[in-house]
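Please read the structure below before turning to the comments.
The values are calculated or read from the model by the stated rules, or taken from the named source; none is laboratory data. Only a predicted model underlies this, so the values are computations on that prediction, with no experimental measurement involved. Note that each Cβ is placed from the backbone with ideal geometry, even for glycine, and that neighbours are counted across all protein chains shown.
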Amino acid sequence: MALHFESYSLPDALKENTVVSSENTAKISKRLKKANNSLVKKMKAIGRKEKRSWQKSHLRNSKRQ
Amino acid sequence: MNTFVTFKLDQENINELFITLIRKYPLYFQEPERIKEIIYLFDTKKSDLVTLIIESDYVDRQYRDSYYSYFSQKYSNFERNCIRLAFFEGEIKYRDFMADMPKLKKNLLIGTIVLRPLSVGNIGHSLLNPQKLKINGYVQTCKFKIMICGRKFFIKAFPYLTQDNETMTCAETALFNLIRYYSEKYCEYRILMPSEILKTLEDSSYERVLPSQGVDDPCMAKVLQAGHFHPRLYRYEDEGEGNFEELFYSYVESGIPFILGLPQHAVICIGHGSVDFKMDHHELSEIITYDIFEDKKVYYICTGRLVDEYIFMDDNQTPYIMSTIDKLTIRYYENMLYEDYEEEISGEDIENDLGNTQLQDQMSYSEETIPGMKKQFDSLLVPLYKRIFLDASRARSIFDDHFLHNPDFLEKIREAYDDITWGTKEDNPFVWRIYLTSSNSYKDFKCKTVSNFDLFQYYSNQPYPRFIWVLEIGTISTFSEQMARVEVLLDATSSTNSNTWAILSIGYKGHMVFVPYIVEQLNEKQISEMNLCHEENSTTQDYSSINWEDVSEEVKQKVLTEIFKSLYYKSNKFVGDTYKIFSASNLKEV
């Protein structure tokens, strides 16, 4: 009997390219730039908060009993 | 030796039983009221009878460890052995354990309680099946093997233990139970015995650790590190009111048990009560929040607001206690004040002078004072797996800025569903929930519940990172049917420096993108474009001429725009209107 191989990959629709007008691209890009800037600031703040939490916990020394 | 006794689950019978037990085993029934409280929790549906099997001379590994590291070194005598109580629903006889055990195969085991020969911390390692207790909600449990009358039984439970106040206070108890749970559930972890916990504490402490005086947050984290966890600490003071509650909820929803730090106390949160998706007892106006974008209000509900109570393992109370962060904070804040007061007037008769109840009656707390208490004491210590680099607060920020608070994205999803009031009217808010899960559980759930072959092909074929953060967005009506509309996945193993902000995939009606594909396509496009620029006449690609730094910079700038461009303007018809919300986490309904 001949062996029959069948392979499955992602739906083709996911791999297709898309053409979008430069006006729409610029609009998306502008919004994302704003979101990115805000996120960079937030991430830095979270990092600072994380450090502060450990530092303060060391200083406070409140035991849980 | 095994002793069998069958009793009725009513007060009179239980009292009678305890009088006999205290007479027979005085050393082991030193806190009878606490044991009774646990028995009153039993919810036996099949019969009002319960069979108790008392196994004397039981060797409990936790107590034996504490015994050799502490109790054996005392002048007074302490017994080495414990007794163990095993409870079964209905009337069980010794002979029922013989041969095939047809009667016992019907899942009649309620649980086991170890009794230590101690006056404080009488109740030792206990395993109780939450399905057989009077609690409603979702809890995390794992499977334990136990031997009763020479036979193997399996029970799904979360370990419970009370503090003996000498070798283990609440912090060590919480750590022991938490690590015990993880070690039983995942092969990456191993159990840390009390003496090993104390050894780790000793290494990072400047004072003696025995008798225990309690443990602070950094030292608790140190123990978790020793157990191969990568803990993350969130203090209420740093996170603030809403944020703290949302972080708390997202970890509970993710099925990760963690430690909640309270005023001079620590408990484990292991689940939550029922979720009022149908909004039967919640007023919309009380749980809704809004934000203003471009002078327009956008309304939201986090599903965490639909949960009233959480389920905790508190060594001062019965197992699987249902409560709230506020109630627990107040309770332990008052305890702390009472202890301070007791110290102040030591030597005087407190009960006669003021009385405990009177002191508590004097205290009533306004909405403003509770955050003050929490700010001073409350914290979350989350034992994350070593490969979860993106924690809840970072994932939440990404979800917020790119999706929940992105007016373009919100407009596009409104358009896709032809639902113009979605999020813009108070009665039709964006309902959302976030959680962390393993991609294996997620893919398995998706493959089980998808509506078409294309989606099945997508979820079954796609390699995912080991852990993912998921954002589900829907409406009140979709969530009431356990459905959502929008799905966004983040790669939890990613870092915040990634070009894509860890976004893995985004999908809603008729639209879907899988980010690694976009990045791959973009890289290929860039390389070929640059190659063409450099050597227009060349017929073969020469990779040595490519400036890789330029490529990477280009990709970085374009990648996010490409993701959203592809999402908004490329249609993928196989993505349906709604999908079933994920319910295959470690949280199991009881």
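Regarding B:F158, is this residue under 21 Å from B:Y40 (Cα atoms), away from chain A (no Cβ under 14 Å) and within 23 Å of the chain's Cα centre (by Cα)? Yes, satisfied. Being over 36 Å from the mean Cα position of the chain (by Cα) and surrounded by 14 or more Cβ atoms within 10 Å (Cβ to Cβ), is that true of even one residue in region B:57-78? Yes; the residues of region B:57-78 include at least one that is over 36 Å from the mean Cα position of the chain (by Cα) and surrounded by 14 or more Cβ atoms within 10 Å (Cβ to Cβ). Can you tell me which residue is farthest from the other protein chains (Cβ to nearest Cβ) among those in region B:427-461 that are of a type outside the set (F, W, Y), more than 21 Å from the chain's Cα centre (by Cα) and surrounded by fewer than 13 Cβ atoms within 10 Å (Cβ to Cβ)? For region B:427-461, the residue satisfying everything is B:D427. Restricting B:S538, B:S498, B:S566 to those that are among the small types (G, A, S), modelled with pLDDT of 80 or more and part of a loop (DSSP other than H, G, I, E, B) reduces the list to B:S498. The single condition among (1) away from chain A (no Cβ under 14 Å); (2) surrounded by fewer than 19 Cβ atoms within 10 Å (Cβ to Cβ); (3) over 19 Å from the mean Cα position of the chain (by Cα) that B:T200 does not satisfy is (2). The one condition from (1) within 28 Å of the chain's Cα centre (by Cα); (2) over 16 Å from B:F574 (Cα atoms) that B:G507 does not meet is (2).
Per-residue answers, yes or no, for (1) closer than 30 Å to B:Y338 by Cβ; (2) buried (at least 19 other Cβ atoms within 10 Å of the Cβ); (3) in contact with a Gly (Cβ under 8 Å, 6 or more places away or on another chain); (4) not basic (K, R):
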residue: B:Q376; (1), (2), (3), (4): yes, no, no, yes
residue: B:P383; (1), (2), (3), (4): no, yes, yes, yes
residue: B:R387; (1), (2), (3), (4): no, no, no, no
residue: B:S393; (1), (2), (3), (4): no, yes, no, yes
residue: B:R396; (1), (2), (3), (4): no, yes, no, no
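So, in region A:1-25, of the ones that are modelled with pLDDT under 80, facing another protein chain (nearest Cβ under 7 Å) and outside any loop (DSSP other than H, G, I, E, B), which residue ends up nearest to B:Y459 (Cα to Cα)? So, considering only residues that are modelled with pLDDT under 80, facing another protein chain (nearest Cβ under 7 Å) and outside any loop (DSSP other than H, G, I, E, B), the one nearest to B:Y459 (Cα to Cα) is A:L14.
When B:T3, B:T44 are checked against the criterion of being closer than 27 Å to B:K105 by Cβ, modelled with pLDDT under 95, assigned to a strand (DSSP E or B) and not assigned by TED's automatic domain parsing to the domain that holds B:E196, B:T3 stands alone in meeting it.
For region B:501-524, filtering for residues that are touching an Asp or Glu at 6+ places or on another chain (Cβ under 6 Å) and free of Cβ contacts under 8 Å to residues at least 40 places away in the same chain leaves 0.
Restricting attention to region B:225-234, does a residue exist that is of a type in the set (S, T, Y), in contact with a helix residue (DSSP H, G or I) (Cβ under 9 Å, 6 or more places away or on another chain), within 30 Å of B:V120 (Cα to Cα) and within 11 Å of another protein chain (Cβ to nearest Cβ)? No, that holds for no residue.
B:R394 passes every criterion in (1) more than 21 Å from the chain's Cα centre (by Cα); (2) part of a helix (DSSP H, G or I); (3) within 14 Å of chain A (Cβ to nearest Cβ) apart from (1). When restricted to residues that are more than 7 Å from chain B (Cβ to nearest Cβ) and in contact with a helix residue (DSSP H, G or I) (Cβ under 9 Å, 6 or more places away or on another chain), region A:49-65 contains 2. Before we move on, is B:S126 out of contact with any Cys (no Cβ under 8 Å at 6 or more places or on another chain), modelled with pLDDT under 95, within 24 Å of B:D164 (Cβ to Cβ) and of a type in the set (G, A, S)? Against the criterion (out of contact with any Cys (no Cβ under 8 Å at 6 or more places or on another chain), modelled with pLDDT under 95, within 24 Å of B:D164 (Cβ to Cβ) and of a type in the set (G, A, S)), B:S126 does not qualify. Residue pairs whose Cβ atoms lie under 7 Å apart, separated by 6 or more positions or on different chains, with the first residue in region B:204-217 and facing chain A (nearest Cβ under 7 Å) and the second of a type in the set (G, A, S), are B:G214/B:A171; B:V215/B:A171; B:D216/A:S57; B:D216/A:S62; B:D217/A:S57; B:D217/B:G261; B:D217/B:S379.
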